[in-house]
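The next block holds one structure in the form of structure tokens; read it before the comments.
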Amino acid sequence: MCGIIGFVGRGQAAPILLDGLERMEYRGYDSAGVAVRSESRGLQVRKTKGRLKNLADMIHGGADLEGCLGIGHTRWATHGEPNDINAHPHVSENGQIALVHNGIIENYLEIKEHLQKLGVTFTSDTDSEVVAQLLEYHYNECHNMLEAVGRVLRRIQGSYALGIICSDYPNALIAARKDSPLILGYGEDGNFIASDVTAIIKHTRDVAYMDDGEIAVLTADSIDVFDDELVPVEKERHQVDWDVTAAEKGGYPHFMFKEILEQPEAIRKTVSPRIRDGRVVLDTFSLTAEQVRDISRIFIIACGSSYHVGMVSKYNWERLLRRPVQVDLASEFRYSDPLVDDRSLVIVISQSGETLDTMAAMREAKRRGARTLAVVNVVGSSIAREADDVLYTWAGPEIAVATTKAYSTQLVLMDLIGLYLADLLGTVEQSEYDAIIQEVQLLPEKLQGWLADVHNVQYFASRYFNHNSIFFIGRNLDYAMGLEGSLKLKEISYIHSEAYASGELKHGTISLIEPGTLVVALGTYAPLFDKFISNVVEVKARGAEVLALTTEGFREKMGKTADAVIAVPETHPILQPSLGVVPLQLFAYYVALQRGCDIDKPRNLAKSVTVE
Ligand code: M6R
């Protein structure tokens, strides 16, 4: 959730830290802070509640602080309200150690009470301050920072990415990690730590991913990594090939808008390398037909929008594979004593590859013997590294908290995986296989064409933006797509919204439909279009205002019932959500814009959810 960064090198640290924090602000944005050390001024700590801009103004873009060693933090509050005192960095009682933390220390109360009995005074309500104070305690015992960090890590339970500086080590930055992401960056003029590669990509593409239990000691010219027994470890280094501009707004008003428009290209990059000579090729997933036949259960596990991709995939995979597919919310799955065994295939979907619930669910599945396949966007992320197999969505960096291009690439990749498995099982007709292959390659072009004119969606948003409650209804794939449309709207516009399987309305929810209620009617799934129209008629009869989404082929028919119609091009029915979801993203975007919401950083949210 929070973002941490650290730098030790030959340049001034503060501007580098601020710039990195700005690129990671999507990870949390209720307070921010930095600590910078110099020979003449010692440890300088500045922190404040609110957006990063407050901090940047406070320290004049970094000019107020002097020093080539520093740490920074942008916070998503868990323990203690978002205020100046609870903001990071936290400083130990003697003022010698400053620390930033991303994660949760589960046994912090017990340690806090113990230290308080020893006379330590705490200033904040956070779990993170406990680590700073405990570190001072152990450092006073052993007078060796590496040893002290090792002792602290043996005492604390929970998740952490830590960045630490200490007055006694004027040239060293210390880092540690467990269950929260942390990247080491090897630069020309210094070295870095960061929660996310986007924070440091401007300075270096040469990175290593810290593993659980590791501690790193960085100086301007070296990075030494140790395991939890303080034995040195060799790290494998990776070159990041993300384009720097991909993580910048580039003249667009919001990252979300830019990322919506990037979808044709993101889909192209995800699909093209995986189709050769008319067949799906999944190089990094190599189950044989025999192994696939031996699978007794298929699970798809994810959170939020990634879970909604799973919902679409359930319909598509069951149709293609003729096998039951179970979709579970990761947070529920992990504690459900799941019926997973060594004949289960468990697919986990995650943009960030760091979502704690999804990671824990995957670990639980692995513990029970399942084969795990991760569909992930962030290369080198924890889930990607721990899964048995990984297939990447090539969406590039996604910065807006509300996912758009990552969702779209997950959707097409899941379609390709489903088709691949169906081919191995022999459950898909050749003609259907060929039709899907043909259409999936046409998606970028069809979407690009449609995106050329988004003004009608903008118009409808301006017509409907002041509704307080909006229902998304649909059947089958449209229902699954509606879940995403509804989440997008809630997330960024704060309008209450529900997605319903339209056949289910009459079992209770239709009582909420009254004159003027806005219903977004999703009728893009051709096989059930006529059935769906009956549901639209039902809500119209209760006075609903209906904004419909359908395909060009059904535009006229839909127009006879709905008050307003948005149409997308047609494609193969199983791929239709890839086109249908985009107007829903745009609708949410323009509604939020009309309501003056902070689109890229909606309240209470963070991009990467690394707490339970
Ligand atoms: O990184 P992940 O895909 O694992 O994240 C899962 C959800 O937190 C995420 O999809 C969330 O629902 C989005 N903000 C929705 O736009």
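Each residue of the stretch 397-412 is assigned a 3J(HN,Hα), and the resulting list reads x, 10, 9, 4, 4, 6, 6, 9, 6, 5, 4, 4, 6, 4, 4, 5 Hz, derived from the Karplus form 6.51 cos²θ - 1.76 cosθ + 1.60 (θ = phi - 60°), x at Gly and Pro. Treating r as the C-beta distance of Leu451 and Ser511 and R0 as 45 Å, the FRET efficiency rounds to 0.75. With 18 Å as the limit on Cα-Cα distance, the pairs of Lys488/Lys601; Lys488/Lys607; Lys490/Lys601; Lys314/Lys506 that go past it are Lys314/Lys506.
Mind giving me the FRET efficiency for Asn54 and Tyr252? R0 is 30 Å, r the Cβ-Cβ distance, nearest 0.05 is fine. After rounding to 0.05, the efficiency reads 0.80.
Toward the positive end of the charge dipole of the chain, with +1 on the Cβ of Lys and Arg and -1 on the Cβ of Asp and Glu, the farthest Cα among Trp394, Ala499, Val375 is that of Ala499.
Charges were assigned to the Cβ only: +1 to each Lys and Arg, -1 to each Asp and Glu. The resulting dipole of the stretch 455-594 about its Cα centre is roughly 120 debye. Residues in the stretch 198-213 carry Karplus couplings, in order, of 4, 6, 10, 4, 5, 9, 7, 10, 8, 10, 9, 9, 6, 9, 4, x Hz; the curve used is 6.51 cos²θ - 1.76 cosθ + 1.60 with θ = phi - 60°, and Gly or Pro positions show x.
When the charge dipole of the chain is built from unit charges on Cβ atoms (+1 for Lys and Arg, -1 for Asp and Glu) and taken about the Cα centre, the candidate among Gly190, Thr204, Thr517 whose Cα reaches farthest toward its positive end is Thr517. The phi torsions of the stretch 30-46, fed into the Karplus equation with coefficients 6.51, -1.76 and 1.60 and a -60° offset, translate into couplings of 9, 6, 8, x, 9, 10, 10, 10, 9, 4, 7, 9, x, 8, 10, 10, 9 Hz, rounded to whole numbers, with Gly and Pro shown as x. Panel note: the C-alpha atoms of the stretch 258-451, placed on their principal axes, show extents of 47, 40, 25 Å (largest first). Rg/Rh, computed from the Cα trace of the stretch 355-512 with Rh as the Kirkwood radius, has the value 1.01.
Computed over every Cα-Cα pair of the stretch 16-66 and binned at 10 Å starting from 0, the pair-distance distribution P(r) comes out as 27, 56, 17, 1 percent. Take each peptide in 411-418, 454-461, count the other Cβ atoms within 10 Å of every residue, and average; sorted highest first, the result is 411-418, 454-461.
For a straight C-alpha distance cut-off of 17 angstrom, the aspartates and glutamates reachable from Lys405 (same-chain residues fewer than eight places away being disregarded) are Asp243, Glu248, Glu259, Glu262, Glu265, Asp415, Glu445, Glu484, Glu491, Asp600. Amide H contacts for Lys178 (H built 1.01 Å from N in the peptide plane; partners 5 or more residues away or on another chain; cut-off under 5 Å): Tyr160, Ala161, Gly213. Model label sites at His79 and Gln291, defined 7 Å from Cα along the beta-carbon direction, differ in position by 4.2 nm. Our estimate of slack between Asn604 and Ser462, defined as 0.36 nm per intervening residue step minus the Cα-Cα distance, is 48.6 nm. What the Kirkwood sum gives for the chain is a hydrodynamic radius of 25.4 Å, with every pair of different alpha carbons counted. Placing R0 at 25 angstrom, the Cβ-Cβ distance between Lys531 and Glu498 gives a FRET efficiency of 0.80 after rounding to 0.05.
Taking the convex hull of the Cα atoms, report for the stretch 455-594 its projected area averaged over all directions, in nm². Display every interim value, and only then the final one.
Working: hull surface 28.3 nm².
Mean orientational projected area (the stretch 455-594, Cα hull): 7.1 nm².
Full extension of the chain segment joining Thr284 with Glu332 gains 14.4 nm, where the gain is 0.36 nm per residue of separation less the Cα-Cα distance.
The coefficient of translational diffusion for the stretch 496-538, derived via Stokes-Einstein from the alpha carbon Kirkwood radius under 10 °C and 1.306 mPa s, stands at 142 µm²/s.
Pulled fully out, how much extra length does the chain show between Leu425 and Ser272, if you take 0.36 nm times their separation in residues and subtract their Cα-Cα distance? Please list the in-between numbers first.
Numbers: separation 153, 0.36 × 153 = 55.08 nm, distance 2.32 nm.
My answer for the length gained is 52.8 nm.
Over the chain, dividing the summed -39,500 (n - 2.57) contributions of all DSSP H runs of at least 4 residues by the number of residues returns a 222 nm mean residue ellipticity of -11000 deg cm²/dmol.
Counting only Cα atoms, I'd like the Rg/Rh figure for the stretch 3-246, Kirkwood definition for Rh.
Values: Rg = 16.2 Å, Rh = 17.4 Å.
With Rh from the inverse mean 1/r over Cα pairs, Rg/Rh is 0.93.
Debye sum, Cα scatterers, the stretch 300-376, no solvent: what log₁₀ I/I(0) at q = 0.18 1/Å? At q = 0.18 Å⁻¹ the computed log10 ratios are -0.64.
In units of the rule-of-thumb radius 2.2 N^0.38 Å, the stretch 514-574 shows an alpha carbon radius of gyration of 1.06.
Which one of Trp317, Ala302, Val428 is farthest out on the positive end of the charge dipole of the stretch 258-451, using unit charges on Cβ (Lys, Arg +1; Asp, Glu -1) and the Cα centre as origin? Going by the charge dipole, the pick is Ala302.
The charge dipole of the chain, taken about its Cα centre with unit charges on the Cβ atoms of Lys, Arg (+1), Asp and Glu (-1) only, comes to about 1380 debye. This model, with +1 at the C-beta of Lys and Arg and -1 at the C-beta of Asp and Glu, gives the stretch 1-111 a dipole about its Cα centre of some 260 debye.
We did not get these values from a lab; they are worked out from the coordinates using the rules stated. Source: prediction; values computed, not measured. Backbone-built Cβ (ideal geometry, glycine too); neighbour counts: all protein chains shown.
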